[in-house]
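Working notes, beginning with the structure itself.
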Amino acid sequence: MTVFLIMPSRIMARGIEGVFHDLGEFKVAGIVSDISSREESILRNLSVDTVIVDPAVFAHSSRGNVKHFISEYTDAPVVAFPSAPMDDESSKQYDAILNLYDSPAEIIHKLRSAVAAPKDSSGTEGSELSAREKDILICVAKGLINKEIADLYNISIHTVITHRRNITRKTGIKTVAGLTVYALLNNLIDPSSVE
């Protein structure tokens, strides 16, 4: 199984990598030490079984939304490996929490459990679109292309594509015409605004 690490501490990242190498069950597919635009491009192409993150990578005010941020890129379970204490509310978002004092066997057990657990229904077909996804859907229904949407919201084209992928996953609708009908039926757009 493959793991992606998001950790500011190279020592912690290399330690985890060493444990996985010794036990031979998990393999580290990549490591980033922060969430900059360069690292975000790596996340866009992420195809792993689980993501291990040190919440310290994120600003204190956004640590309650770490899993939501990562779920924009992958459906893989998100496991916390905090280098500093976490409050109970923040810890609820993770599929598992590793502790610095966990034995290699405990780490492997927690990761296996996180990967084997049923997927959270928040990212499956039929779940509610986020406010940004609704904005993107409205633009798609109005006939805007990805570049125009990216320019309108001052985001990258890759981010637009990620939002569109999430919209398709949540609605189960793959065509622009189908998404337009969805937007009309849900009163997201006025019929006169559709080209």
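The values are calculated or read from the model by the stated rules, or taken from the named source; none is laboratory data. Predicted model, so just to flag it, every value in this text is computed and none were measured. Neighbour counts are summed over all protein chains in view; Cβ atoms, including those assigned to glycine, are modelled from backbone coordinates with ideal geometry. Calculation scope for accessible area: heavy atoms of the full protein, side chains included, ligands and nucleic acids excluded. Shrake-Rupley method; radii C 1.70, N 1.55, O 1.52, S 1.80 Å.
What's the number of the only condition in (1) over 27 Å from Asn166 (Cα atoms); (2) part of a loop (DSSP other than H, G, I, E, B); (3) modelled with pLDDT under 90 that Asp22 fails to meet?
Going through (1) over 27 Å from Asn166 (Cα atoms); (2) part of a loop (DSSP other than H, G, I, E, B); (3) modelled with pLDDT under 90 one by one, Asp22 breaks only (2).
Mind listing whichever residues of the stretch 48-72 are outside any helix (DSSP H, G or I) and modelled with pLDDT under 80?
Phe58, Ala59, Glu72
When only residues in the stretch 75-94 that are without any contact (Cβ under 8 Å) to a residue 60 or more places away in the chain and closer than 15 Å to Val51 by Cβ count, which is most open to solvent (accessible area, probe 1.4 Å)?
Asp75
Taking Asp135, is it surrounded by fewer than 19 Cβ atoms within 10 Å (Cβ to Cβ) and farther than 30 Å from Ile16 by Cα?
Answer is yes for this residue.
Could you please find all residues in the stretch 145-163 being open to solvent by 50 Å² or more (accessible area, probe 1.4 Å) and modelled with pLDDT under 90?
Of everything in the stretch 145-163, those that are open to solvent by 50 Å² or more (accessible area, probe 1.4 Å) and modelled with pLDDT under 90 turn out to be Tyr153, Asn154, Ile157, His158, Ile161.
For the stretch 95-113, give me each residue that is open to solvent by 20 Å² or more (accessible area, probe 1.4 Å) and either part of a loop (DSSP other than H, G, I, E, B) or in contact with a His (Cβ under 6 Å, 6 or more places away or on another chain) (or both).
Once the filter is applied, which keeps residues that are open to solvent by 20 Å² or more (accessible area, probe 1.4 Å) and either part of a loop (DSSP other than H, G, I, E, B) or in contact with a His (Cβ under 6 Å, 6 or more places away or on another chain) (or both), the stretch 95-113 yields Asp95, Asn99, Leu100, Tyr101, Asp102, Ser103.
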